[in-house]
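One structure is given below, encoded as structure tokens.
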Amino acid sequence: MGRLSTVHTIEIVAWSVFVLVFFAYSFEFNQNIEIYKFGATGWPRALLLLTALAVLGNAVYHWRFGDKIQEGRIGIMDDGDEGAQRDIASYLRTGAILLLPFVFAYLLKPVGFYSAAPVFIVLVILLLGERRIGWVIGITVFVYLLLLLFFMVLLNAPLPQGTVSPFYDFSGQLLTWNTQFQEWMK
């Protein structure tokens, strides 16, 4: 099968099984929702479709090129990891990157998605090493607007609004603008 190794095949099969199992499970909670035209399974199935497309892309790449390293790929060294220095800061940064999603999830109830997401995006960018303020702001605005477009406009999915003012007020204002936009689009 092309240049697929056993490891590639196992990875492709594992991810494919993951997608199929969760797609099959989505029929367990497939219900209509009055305020959401795609039903309860709309966004989970959209994420599963994206995962399936990533698996397919990965499979095609490995079938055509095997383990060949892509030219110009950032972070890839020919000599491996032999000369890399590991200091305490790199371990702390890795720990912070792993801990940050849990903190974000914990803050969703009091702060809400609409207020916590931009802070989460900025922190992830900073933890990954980007320090140019223009890039941090630009990427944050782009990703945040993309999330709002995807969840509010396309999926019309209710997201946590928060319970603490002013976060709740900010979420309410965004939802009001979304409702006005949806009415304008009709």
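The values are calculated or read from the model by the stated rules, or taken from the named source; none is laboratory data. In this text the structure is predicted, and so the values were computed from the model without any measurement. Neighbour counts run over all protein chains shown; Cβ positions are idealised from the backbone, glycine included. The area values use the complete protein model at the heavy-atom level, side chains included, leaving out ligands, DNA and RNA. Shrake-Rupley method; radii C 1.70, N 1.55, O 1.52, S 1.80 Å.
On the stretch given as the range 48-65, residues that are more than 13 Å from residue 16 (Cβ to Cβ), open to solvent by 40 Å² or more (accessible area, probe 1.4 Å) and in contact with a His (Cβ under 9 Å, 6 or more places away or on another chain) total 1.
Every residue, every condition in (1) under 22 Å from residue 107 (Cα atoms); (2) crowded, with 16+ Cβ neighbours inside 10 Å; (3) more than 20 Å from the chain's Cα centre (by Cα), yes or no:
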site: 132; (1), (2), (3): no, no, yes
site: 135; (1), (2), (3): no, no, no
site: 151; (1), (2), (3): yes, yes, no
site: 164; (1), (2), (3): yes, no, yes
site: 168; (1), (2), (3): yes, yes, yes
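Which residues, taken from the range 66-81, are open to solvent by 70 Å² or more (accessible area, probe 1.4 Å) and at pLDDT 75 or above? Correct list: 67 only. For the range 140-161, a residue qualifies if it is touching a residue at least 24 places away in the same chain (Cβ under 8 Å) and in a helix (DSSP H, G or I), and the qualifying residues are 144, 147, 148, 151, 152, 153.
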